[in-house]
Amino acid sequence: MTENEWLYVFASAVVAIGGLFVRSLSISGAMATVIVGMIVGKAFSWKGLMLLGVFFVSSSVWSKIGKKRKQKLIEKVEKGEQRDYIQVFANGGVAVLISFLAIVHPSSLWLDLFIISIAAANADTWASEIGSLSRQTPRLLTTFKKVEAGTSGAVTLLGLLASFLGAAFIGAVSAIQWKDISIITIAFFGWFGSLLDTLFGAVWQAVYRCPVCGIETERKEHCRQPTVHIKGCRFVNNDVVNALSIVCCTTIYIFFTMFR
């Protein structure tokens, strides 16, 4: 490894340790963060690492705001606020794949795709963390039926706005670092990726019901009892939805560049 590559590993390790310290990452999540940072750094240098850092820090900050109000949603979701390695790769795996392709076959397209993948991940995280603070009753994206807060596939106006701002934020940071980056394009495709995430969550994500308390949840066990599958694909959890939505929005961008 070159000196710069060691520096990328060191910088990623510092971020990972910080994530452990503030309990935003589990041990496995911290290890995955180092791997992601090392590959992204080799492909896109310090600018790529900076963008990853902006995503991680901003998402972690929003996860801490309104923490008491978010406690009641814990029973609905499969995992807590600490990201494990699966969550890290679900949000950053596409960015890693793009980075690897950029290393072996350099092209200006990879940078756009990398930024959009981060924008989509950031948009979805901001939508979840900020949208959960809304006093408005969420509505399921597919039917617009009112549902409980924390229901996968549901949206609020605050969450939709947060999603767009999250993508635009990544676009703005990217435009500062690289020339010819369109904030509007990044904001749109990042927001669109988050919207796809919500749609896939409403249609395909597995939902279970606790036989003891009756709550609908993403968990396969609740009240110390196995939950009953009531809808969605059993193998599609939130991590699968996250990864799939990022894959789709970056793929759509490729077709967009072919016809513009």
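The values are calculated or read from the model by the stated rules, or taken from the named source; none is laboratory data. Quick caveat, the model's predicted, so the values are computed rather than measured. Using ideal geometry, Cβ is built from the backbone for each residue, glycine included, and neighbour counts are taken over all protein chains shown. Quick note on the areas: whole protein, heavy atoms, side chains included, nothing else; ligands and nucleic acids left out. Shrake-Rupley method; radii C 1.70, N 1.55, O 1.52, S 1.80 Å.
Under the condition of being open to solvent by 30 Å² or more (accessible area, probe 1.4 Å) and either out of contact with any Asp or Glu (no Cβ under 8 Å at 6 or more places or on another chain) or part of a helix (DSSP H, G or I) (or both), the residues counted in the stretch 14-42 number 15. Candidates are the residues of the stretch 129-147 that are hydrophobic (A, V, I, L, M, F, W, C) and surrounded by 16 or more Cβ atoms within 10 Å (Cβ to Cβ); the one that is farthest from the chain's Cα centre (by Cα) is Val147. Each residue in the stretch 188-238 was checked for being of a type outside the set (Phe, Trp, Tyr), under 15 Å from the mean Cα position of the chain (by Cα), over 17 Å from Ile74 (Cβ atoms) and open to solvent by 40 Å² or more (accessible area, probe 1.4 Å), and 2 pass.
Exactly one residue out of Lys47, Lys68 is touching a residue at least 12 places away in the same chain (Cβ under 8 Å), surrounded by fewer than 21 Cβ atoms within 10 Å (Cβ to Cβ) and assigned to a helix (DSSP H, G or I): that is Lys47. State yes or no: is Ser245 more than 19 Å from Pro138 (Cα to Cα) and touching a Leu at 6+ places or on another chain (Cβ under 8 Å)? So Ser245 fits the description; yes. Given the condition part of a helix (DSSP H, G or I) and out of contact with any Lys or Arg (no Cβ under 6 Å at 6 or more places or on another chain), answer yes or no: does some residue in the stretch 202-210 qualify? Scanning the stretch 202-210 turns up at least one residue that is part of a helix (DSSP H, G or I) and out of contact with any Lys or Arg (no Cβ under 6 Å at 6 or more places or on another chain). Answer with yes or no whether Gly93 is within 19 Å of the chain's Cα centre (by Cα), modelled with pLDDT under 95 and under 21 Å from Cys249 (Cα atoms). Spelling it out, Gly93 is indeed within 19 Å of the chain's Cα centre (by Cα), modelled with pLDDT under 95 and under 21 Å from Cys249 (Cα atoms). With respect to the conditions (1) surrounded by 14 or more Cβ atoms within 10 Å (Cβ to Cβ); (2) not in a helix (DSSP H, G or I), Pro106 lacks only one, and its number is (1).
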